[in-house]
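Written below as structure tokens is the structure these notes are about.
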Amino acid sequence: LKVGVLGAGHLGKIHLRLLNQSEKYELVGFYDPDEINAKKVAAEFGYSYYENINNLIDAVDVVDIVTPTLSHFDCAKKAIEKGRHIFIEKPITNTLEEAEELLQLSEKHGVKGQV
């Protein structure tokens with residue numbers, strides 16, 4: 001499966017490293033809204049940096065969401081609506097209502113999610 005990571009902070013770099021080492025997944029690249037940090041991570045580790053979140057989502061089968069909790073819902077919703085499976089670092093969302101909406105969207109679009 002082709003995987004893209006959203007977020008290149010402390011935990012995001014750990015996810016990037018582990019996915020890059022995995023024989024089960026193909027790490028396509030990552031997106032981070034902090035362009036300075038993203039370019040630093042890309043240069044230091046050699047991961048492909050996508051400047052546009054939608055371009056990364058379009059290029060993968062699975063989206064690994066390792067962003068601040070407040071953005072989990074929006075990131076997951078974008079991925080699910082494009083038919084991408086998701087992995088979300090805990091907590092799943094900021095509110096129960098957002099989590100329930102993601103469950104409904106996942107069922108509607110036939111995608112799998114994991115926290």
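Summary of values
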read-out: Matching residues in the stretch 14-39 - criterion: being surrounded by fewer than 14 Cβ atoms within 10 Å (Cβ to Cβ), assigned to a helix (DSSP H, G or I) and of a type in the set (S, T, N, Q); value: Q21
read-out: Residues of the stretch 88-106 satisfying the condition of being of a type in the set (D, E) and outside any helix (DSSP H, G or I); value: E89
read-out: Test: residue in the stretch 62-83 that is surrounded by fewer than 13 Cβ atoms within 10 Å (Cβ to Cβ) and among the basic types (K, R); value: no
read-out: Cβ pairs under 7 Å, 6+ apart, first in the stretch 88-106 and closer than 22 Å to G12 by Cβ and without any contact (Cβ under 8 Å) to a residue 60 or more places away in the chain, second open to solvent by 70 Å² or more (accessible area, probe 1.4 Å) and aliphatic (A, V, I, L, M); value: I88/V115; K90/V115; I92/V115; N94/L70
read-out: Close pairs from the stretch 34-48: first among the charged types (D, E, K, R), partner open to solvent by less than 60 Å² (accessible area, probe 1.4 Å), Cβ under 7 Å, at least 6 apart; value: K39/Y49
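The values are calculated or read from the model by the stated rules, or taken from the named source; none is laboratory data. Quick caveat, the model's predicted, so the values are computed rather than measured. Ideal geometry is used to build each Cβ from the backbone, glycine not excepted, and the neighbour counts take in all protein chains shown. Side chains are part of the model used for accessible areas, which takes the heavy atoms of the whole protein and leaves out ligands, DNA and RNA. Shrake-Rupley method; radii C 1.70, N 1.55, O 1.52, S 1.80 Å.
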